[in-house]
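Remarks on the structure that follows.
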Amino acid sequence: MSTLLVTGGAGFIGSNFVHYVVEHTNHRVAVLDKMTYASSRSSLEGLPSERLELVVGDIADVDLVGELVASSDAVVHYAAETHNDNSLLDPSPFVQTNLLGTYTLLEAARSHGTRFHHISTDEVYGDLPLDDPSKFTADTPYNPSSPYSSTKAGSDLLVRAWVRSFGLEATISNCSNNYGPRQHVEKFIPRQITNVIDGVRPRLYGKGENVRDWIHADDHSSAVLSILERGRTGETYLIGADGEKNNKEVIRAILTEMGQDSDAYDHVADRPGHDLRYAIDASKLRDELGWTPEFTDFEAGLRDTIRWYRENEAWWREQKALAEAKYATTGH
Ligand code: NAD
Ligand code: TDX
């Protein structure tokens, strides 16, 4: 049994990974999380205390990070500021956490010789044209659009340099858009589900033609575990499940699943710099590590996610008011 230090383990995908690891392996998990607005203690409820420890702190805290990395066998680094719209309002926490926080973790992993896996996003590659068969691969040049994606791109480049210059035993994964339970209500799918629950019409940025490549968070977790166990040092693996849909299609699917007229949504102002299309070619991960996604039926995954938000209003109600107050200031 080994101890994994999971940063950002009280957020959406990090908490999903913690649940996944506890269920599918014997590893012990130490979560390091600053408990920002995006986190939730209840996302880690019900897990056995002998397998999980939650440490509240900042990934940019050199002393704390040094202590935790020293007592871990591997670091799985999820912690980040993650919302594009927030990064347009105030980029500073994105630079601080995504760049300086990652740097702090890398230095600790270097000094202790600790295995490191860095979680990143397909947004580092910029966007692809609409109605085009091309997809991102690990060879696609970096071309990020937003303060969020540029700080994630910078953090990826730090990891690559620590591998090449210092021999750090690290891997990187760049995943497409995740959906599933426990995602913050500022994000597209949970925002629209909770709007419909509240009797508010869903809001589509611009024309709604932008395409995202949706993957269930459980499939992201199984892919990360495969890379951690069998990935080659220094390699980048793209994670995706061939789930391309435009935003209009997703909103219509949510409305239909929730028993509403599929046209009952509004168009609002577009996001500045809005990426057109993301699409992942995950063949390297599939061919080299034998990974396959389990949740290939988007409508079924969406139905489960809608049920989760209906049954767990206490989890999101407070965050909803804060998120919508922020959106009201931008007309979104
Ligand atoms: P999230 O916003 O739901 O959670 C982020 C977590 O990190 C929160 O618990 C927060 O408290 C914690 N955190 C933030 N700053 C911290 C700091 N300075 N120190 C310690 N903890 C801190 O994010 P998410 O959607 O779960 O994304 C997790 C990771 O996955 C990120 O690295 C993100 O870039 C990446 N990713 C996300 C998606 C997606 O669709 N959401 C897709 C690909 C990659
Ligand atoms: O109310 C909305 N209406 C709308 O049309 C919101 C919140 C979003 N959108 C659009 C913008 C995007 O085209 O929906 C799409 C998805 O938006 P987000 O949920 O904000 O995700 P995105 O910007 O694509 O980034 C997400 O995927 C990659 C995560 O937030 C990132 O952390 C991850 O790296």
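Brief remarks follow.
- Approximate spin-label separation Ile197-Leu130, in nm, with each point projected 7 Å along Cα-to-Cβ: 3.1
- Simple label model, 7 Å out from Cα along Cβ direction - Glu209 to Arg232, nm: 4.0
- Length-normalised contact order for the chain - Cα pairs under 8 Å, 6+ apart - percent: 17
- Entry comment: accessible area of region 116-236 is 35 Å² per residue, from protein heavy atoms only and a probe of 1.4 Å.
- Summing charges over neighbours of Glu169, with a neighbour being any other residue whose Cβ is under 15 Å away from its Cβ, gives +2 when K and R count +1 and D and E count -1.
- Low-density loop positions, chymotrypsin sites (Phe, Trp or Tyr not before Pro), region 1-103 - DSSP coil, at most 15 other Cβ in 10 Å: Tyr37
- Full-stretch length increase - Asp73, Ala314 - with 0.36 nm per residue and alpha-carbon distance subtracted: 83.2 nm
- All lysines inside 23 Å of Lys320 as judged from Cα atoms, apart from same-chain residues fewer than 8 positions distant: Lys34, Lys187, Lys248
- Arg115 long-range amide H proximity, modeled H, under 5 Å: Val75
- Charge sum, other residues only, whose C-beta stays under 13 Å from His27's C-beta, Lys/Arg counted +1 and Asp/Glu -1: -2
- Within straight-line cross-link reach of Lys207, aspartates and glutamates at Cα separation under 14 Å, skipping those fewer than 8 residues along the same chain: Glu249, Asp263, Asp266, Asp270, Asp275
- Given 11 as the ceiling on other Cβ atoms within 10 Å, longest exposed-site-free region of the chain for GluC sites (Glu not before Pro) in DSSP loops: 51-293
- For the chain, carbon and sulfur atoms together expose 48% of the accessible surface, with a 1.4 angstrom probe and every protein chain in place.
- Among residues other than Val55 with Cβ under 11 Å from its Cβ, the summed charge is -4 (Lys and Arg +1, Asp and Glu -1).
- Where region 17-63 is the region considered: accessible area per residue in Å², 1.4 Å probe: 52
- Backbone phi angles across region 104-110, fed through the Karplus curve with coefficients 6.51, -1.76 and 1.60 (θ = phi - 60°), yield HN-Hα couplings of 4, 5, 5, 5, 5, 5, 5 Hz in residue order; Gly and Pro are listed as x.
- At R0 = 41 Å, FRET efficiency that the Cβ-Cβ distance of Ser2 and His274 yields, to 0.05: 0.50
- Difference of contour (0.36 nm per residue) and Cα-Cα distance, Met35 to Thr137: 33.4 nm
The values are calculated or read from the model by the stated rules, or taken from the named source; none is laboratory data. If you're wondering where the values come from, they're calculated on a predicted model, not measured in any experiment. Ideal geometry is used to build each Cβ from the backbone, glycine not excepted, and the neighbour counts take in all protein chains shown. The accessibility values were calculated without ligands, DNA or RNA, using every heavy atom of the protein model including side chains. Shrake-Rupley method; radii C 1.70, N 1.55, O 1.52, S 1.80 Å.
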